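One structure below.
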Amino acid sequence: MRQLRVFETVARRLSYTRAAEELHLSQPAVSMQVRQLEDEIGLPLFERLGKRILLTEAGQEVQHYSLAVNRSLREMEEVLESLKGVGRGRLQIAVASTVNYFAPRLLAVFQQRYPGIGLRLDVTNRETLVQLLESNSVDLVLMGVPPKGIDVESEVFMENPLVVIAPPDHPLAVERRIPMPRLAEEVFVMREPGSGTRQAMERFFSEHGLTIRHGMQMTRNEAVKQAVRSGLGLSVVSLHTIELELETRRLVTLEVEGFPDLRQWHLVYRRGKRLSPVARAFRNFVIAEAATIAAPTLFRRENP
Ligand code: PGA
């Protein structure tokens, strides 16, 4: 069972490294599980093509059956979880890296109410969240825009204001009502293409017919903030990520026309998924209370 689960992840991600990340295992452990399965079957399941790996014909067959086995196993887990009730269940949630700026606060309150539950939190970018939903590997996902092309239920639970950030000594920091086209003169530090924040930023500028200059690309909000602080460019980030920096005046938000761009956070799960009692309790909690517990308190203009 374990080998099939590992195999299914490698086959889906077509990468030992990414599968290891998703499974929270080391890469050698993942390779070993696949090798043992290949030994038992007596056929290679993957072949190498340069740096890439591909499924062999046997691999494709095993993938077909392992998907069905994994689906049944998950259904069994869901049924067993539902028998445990809310007090002792296990909850697996995955959140966008940006959501992780407030998710621990939500989980702390939830865990206080239900001390007996086991929690697992995966933090990753939008692209990987979509894959986790596709493979039905988690109970609930907290993310920006729900994915298209997968049959999901999604519910809004809080606003996500996107703001333009700059170092406090930036010339625009003292300006009021900055016209949006003025941004075309600046360079923007970008998140990676799989990021929901980046997609929202690109959509916003293209909706307003504005082409911005891309500067460095970073895979973490923390790296983007450091880059902006160091004068490498402006950026657009969720207000949730910069509460501390605004408080300590390490960054400022710019008063650009059209900003804050008010997006929304969604709670998402596969349509038809049998939510366990603990997953349902968490869903109800997030919808009813997330905004009170986790909305950014510091949305104020930093410039006199
Ligand atoms: P990100 O997520 O951390 O991938 O940018 C934000 C989102 O889903 O909108």
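The values are calculated or read from the model by the stated rules, or taken from the named source; none is laboratory data. Small disclaimer: the values here were computed from a predicted structure and weren't measured. Virtual Cβ from ideal backbone geometry, glycine too; neighbours counted across all protein chains shown.
The table below lists the values:
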item: First in region 82-102 and farther than 14 Å from Val145 by Cα, second anywhere and within 11 Å of the ligand (Cβ to nearest atom), Cβ under 6 Å, 6 or more apart; result: Ala94/Leu129; Ala94/Val141; Asn100/Val123; Tyr101/His240; Tyr101/Thr241; Phe102/His240
item: Gly116 vs. criteria at pLDDT below 90, loosely packed, with under 12 Cβ neighbours inside 10 Å, over 19 Å from Glu8 (Cβ atoms) and out of contact with any helix residue (DSSP H, G or I) (no Cβ under 9 Å at 6 or more places or on another chain); result: no
item: Qualifying residues in region 186-200 (those that are in a strand (DSSP E or B) and more than 7 Å from the ligand (Cβ to nearest atom)) - the one farthest from Asn221 (Cα to Cα); result: Val187
item: Single residue of region 203-224 satisfying the filter (outside any loop (DSSP other than H, G, I, E, B) and buried (at least 17 other Cβ atoms within 10 Å of the Cβ)) that is nearest to the ligand (Cβ to nearest atom); result: Asn221
item: Search result, residues across region 225-260 that are assigned to a strand (DSSP E or B) and closer than 28 Å to Glu134 by Cβ; result: Val236, Val237, Ser238
item: Selected residue (criterion: surrounded by the most Cβ atoms within 10 Å (Cβ to Cβ)) from residues of region 48-72 that are assigned to a helix (DSSP H, G or I) and in contact with a strand residue (DSSP E or B) (Cβ under 7 Å, 6 or more places away or on another chain); result: Gly59
item: Ala290 vs. criteria closer than 22 Å to Arg126 by Cα, under 19 Å from the mean Cα position of the chain (by Cα) and without any contact (Cβ under 8 Å) to a residue 12 or more places away in the chain; result: no
item: All positions within region 42-76 that are farther than 14 Å from Ser135 by Cβ and touching an Asp or Glu at 6+ places or on another chain (Cβ under 6 Å); result: Pro44, Leu45, Leu54, Thr56
item: Lone unmet requirement of (1) in contact (Cβ under 8 Å) with a residue 12 or more places away in the chain; (2) in the same structural domain as Asp169 (by TED's automatic domain parsing) for Arg203; result: (1)
